[in-house]
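Below is one structure; the comments refer to it alone.
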Amino acid sequence: MVSCCVILCEILCAIILPPLGVFCRHGCCSLEFWLCVLLTILGYLPGMIYAIYAIVVVDRNWYRDEEIIYYRSLA
């Protein structure tokens with residue numbers, strides 16, 4: 001579980017530069033990061049809104065748990 005201080009710092013980064021906050025949370029090779037870059041290019045406000053959504057709502061560990069379950073079912 002991520003602490004509230006870390007989430008607050010990521011949100012502040014997302015307000016200043018939206019892809020930076022998403023990068024800190026999800027990394028550079030994620031769908032969330034590239035979608036945030038695209039939305040920021042199209043407009044600062046949509047990029048910022050999506051960045052805050054991606055930081056607060058989207059759980060990065062959910063994708064990893066789903067991959068582990070998928071690989072275990074194949075084995």
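Summarise the accessible area of segment 1-63 (1.4 Å probe, protein heavy atoms) by the percent that is carbon and sulfur.
81 percent
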remark   = Any chymotrypsin sites (Phe, Trp or Tyr not before Pro) in segment 1-52 that lie in a DSSP loop and have at most 10 other Cβ atoms within 10 Å would be none
note = Under the 7 Å Cα-to-Cβ spin-label approximation, Cys28 and Cys9 lie apart by a distance in nanometres of 2.0 nm
request  = Provide the per-residue ³J(HN,Hα) series for segment 4-13, in order, calculated from phi with Karplus coefficients 6.51, -1.76, 1.60 and θ = phi - 60°, each as a whole number of Hz, with x at glycine and proline positions.
outcome  = 5, 5, 5, 5, 4, 5, 5, 5, 5, 5
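The values are calculated or read from the model by the stated rules, or taken from the named source; none is laboratory data. Here the structure is a predicted model, which means the values were calculated and not measured. Neighbour counts run over all protein chains shown; Cβ positions are idealised from the backbone, glycine included. For the accessible areas, the whole protein counts, side chains as well, though only heavy atoms, and no ligand, DNA or RNA atoms are used. Shrake-Rupley method; radii C 1.70, N 1.55, O 1.52, S 1.80 Å.
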